[in-house]
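Read through the structure below, which is laid out as structure tokens, and then see the notes.
The values are calculated or read from the model by the stated rules, or taken from the named source; none is laboratory data. It should be emphasised that the depicted structure is a prediction, and the values quoted were computed from it without experimental measurement. Counting neighbours? That spans all protein chains shown, and the Cβs are built from the backbone with ideal geometry, glycine included. Protein only, heavy atoms only, side chains kept; ligands, DNA and RNA dropped before computing areas. Shrake-Rupley method; radii C 1.70, N 1.55, O 1.52, S 1.80 Å.
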Amino acid sequence: MALPSITGYTLGELTELLKPLPAFRARQIFKWISRGARNFDQMTDLSQELRKTLSERFLVMETSVADTLTDSDGTIKLQIALQDGTKIEAVVLVDGEGRKTACISTQVGCPMACAFCKTGSLGFLRNLNAAEIAEQLYHCQAAAGDIANIVVMGMGEPLLNLSNLRTAMNIWSDPAGLGMSRRRITISTSGIVSGIKDLADNGPEVRLAVSLTTANEAMREKLMPVSKTNPLPELKEALRYFQSKHDKRITLEAVLLKDVNTKKEDAIALAQFAKGLDVIINLIPWNPVDGMGIDGTDFKEPTDREIDAMVAELERRGLTVTRRYRKGRGVSGACGQLGSVETFKKE
Ligand code: SAH
Ligand code: SF4
């Protein structure tokens, strides 16, 4: 049996766990972890003896980077090996000003089965524990330097693993560690109504993004089976509730699929859904994954003309629209491309 990792505890939990050590020791260790320590010997303000005792009880990291791929646009994709031999992926995106955003996974695979997503096509194995989530950020920092923003948009549906994700977010945002501001963390969900309400009621106050894709219910049920049990009117109600508590702008993401959800009536439906909500629309041109489609037709990337027309239609209706760039494709690290035959392979 491998030892448990010490990275998956909030400062409060760690302080309890390490008793009768004094609380300041827990703080020292917590700080080392957030700075990316790999073993207790690096924690030079602890006595040799204490380092030895701790290393007999705990690992400092339970995951390791199996592979690092760098795209010509600066995107870095990390393949991270878990103790059970499965693999997940985390991605660092770099913007024009050199600011780095870490894209974090929450599950091995994903149970939501969205028709356009590579991760969804793999199926689902299990939730990540808090250490496996928290450590992704430390691996990203080691690979790329300081991380300015976190988007929980990697593999998996974050709101189906909210409890472990909460722990990881508490660890990241504790001022005794990295002190990552909650405003710099965004969770993206496929639209789990109960999870959105839970987040609204119990926090933490992070930003919310929802993968709407289309506001046409029949089409959404085909593209995103989640809509069958979390239909659009209930989703909208949950978003209104979230906003009544948080007063924060929500991002509505829409993967654009050629001829599927890019027509004028799609823009009209999106604008209708957005009415009464404070939102920004983020359009994501579909990143190709071989062999994916609906009704016997393979999906295709939208043309630039289609994308421009969609932006114009939405803006004409008073909506704020952003376009996500096609980053990370060279390493299959772009939205929806995460996961490979390696994911479930146990070594
Ligand atoms: N499971 C969560 C977060 C991870 S997916 C969610 O679905 O929101 C992150 C984003 O990538 C989602 O907005 C999703 O709709 C989008 N996406 C999935 N497959 C894609 C693809 N092939 N091309 C572009 N975006 C994709
Ligand atoms: Fe899961 Fe998100 Fe992919 Fe849908 S888009 S299958 S929810 S990872």
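A few remarks follow.
- Flag if Ser244 is open to solvent by less than 20 Å² (accessible area, probe 1.4 Å) and hydroxyl-bearing (Ser, Thr, Tyr): no
A quick yes/no check of all residues on (1) crowded, with 20+ Cβ neighbours inside 10 Å; (2) of a type in the set (S, T, N, Q); (3) part of a helix (DSSP H, G or I):
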{"position": "Leu165", "(1), (2), (3)": "yes, no, yes"}
{"position": "Asn170", "(1), (2), (3)": "yes, yes, yes"}
{"position": "Gly179", "(1), (2), (3)": "no, no, no"}
{"position": "Asp201", "(1), (2), (3)": "no, no, yes"}
{"position": "Glu205", "(1), (2), (3)": "no, no, no"}
{"position": "Leu239", "(1), (2), (3)": "yes, no, yes"}
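- Every condition in (1) within 25 Å of Gly154 (Cα to Cα); (2) modelled with pLDDT of 95 or more; (3) acidic (Asp, Glu) holds for Asp71 except the one numbered (2).
- Residue in the range 238-274 that is farthest from ligand 1 (Cβ to nearest atom), counting only those that are more than 18 Å from Arg317 (Cα to Cα) and of a type in the set (S, T, N, Q): Ser244
- Among (1) surrounded by 15 or more Cβ atoms within 10 Å (Cβ to Cβ); (2) in a helix (DSSP H, G or I); (3) within 16 Å of ligand 2 (Cβ to nearest atom), the one test that Ser194 misses: (1)
- Within the range 123-138, being in contact with a strand residue (DSSP E or B) (Cβ under 8 Å, 6 or more places away or on another chain) and surrounded by 21 or more Cβ atoms within 10 Å (Cβ to Cβ) holds for Leu128, Ala131, Glu132, Glu135, Gln136, Leu137.
- Flag if Arg184 is farther than 28 Å from Gly98 by Cα, of a type in the set (D, E, K, R) and open to solvent by 10 Å² or more (accessible area, probe 1.4 Å): no
- Whichever residue in the range 207-217 is more than 16 Å from Asp247 (Cβ to Cβ) and open to solvent by 10 Å² or more (accessible area, probe 1.4 Å) and, among such residues, is nearest to ligand 1 (Cβ to nearest atom): Ser211
- Residues located in the range 303-326, provided they are in a loop (DSSP other than H, G, I, E, B) and under 16 Å from Leu256 (Cβ atoms): Thr303, Leu319, Arg324, Tyr325, Arg326
- Residue count for the range 252-285, restricted to those that are within 16 Å of ligand 2 (Cβ to nearest atom) and either open to solvent by 10 Å² or more (accessible area, probe 1.4 Å) or acidic (Asp, Glu) (or both): 5.
- Only one entry of Ser227, Ser244 meets the criterion of being part of a helix (DSSP H, G or I) and touching an Asp or Glu at 6+ places or on another chain (Cβ under 6 Å), and that entry is Ser227.
- Leading residue by the ranking (farthest from Ser163 (Cα to Cα)) among those in the range 1-43 that are open to solvent by less than 10 Å² (accessible area, probe 1.4 Å) and part of a loop (DSSP other than H, G, I, E, B): Met43
- Residues that are outside any loop (DSSP other than H, G, I, E, B), touching a Pro at 6+ places or on another chain (Cβ under 9 Å) and within 22 Å of Gly154 (Cα to Cα) do not occur anywhere in the range 290-302.
- From the list Leu125, Leu159, Leu137, the lone residue that is within 16 Å of ligand 1 (Cβ to nearest atom) and assigned to a helix (DSSP H, G or I) is Leu159.
- With respect to (1) open to solvent by less than 50 Å² (accessible area, probe 1.4 Å); (2) assigned to a loop (DSSP other than H, G, I, E, B); (3) not charged (D, E, K, R), the lone exception for Ser72 is condition (1).
- Among the criteria (1) at pLDDT 95 or above; (2) under 19 Å from the mean Cα position of the chain (by Cα); (3) of a type in the set (Gly, Ala, Ser), the one Ser121 does not fulfil is (1).
- Filtered residues of the range 105-122 (kept if near ligand 1 (Cβ under 10 Å from one of its atoms), in a helix (DSSP H, G or I) and open to solvent by 20 Å² or more (accessible area, probe 1.4 Å)): Lys118, Ser121
- Failed item, numbered, when Asp146 is tested on (1) more than 13 Å from ligand 1 (Cβ to nearest atom); (2) farther than 15 Å from Thr75 by Cα; (3) outside any helix (DSSP H, G or I): (2)
- Pairs, first under 25 Å from Gly179 (Cβ atoms) in the range 189-204, second away from ligand 2 (no atom under 12 Å from the Cβ), C-beta under 6 Å, six or more apart: Ala200/Tyr241; Ala200/Phe242; Ala200/Lys245; Pro204/Met169; Pro204/Arg182
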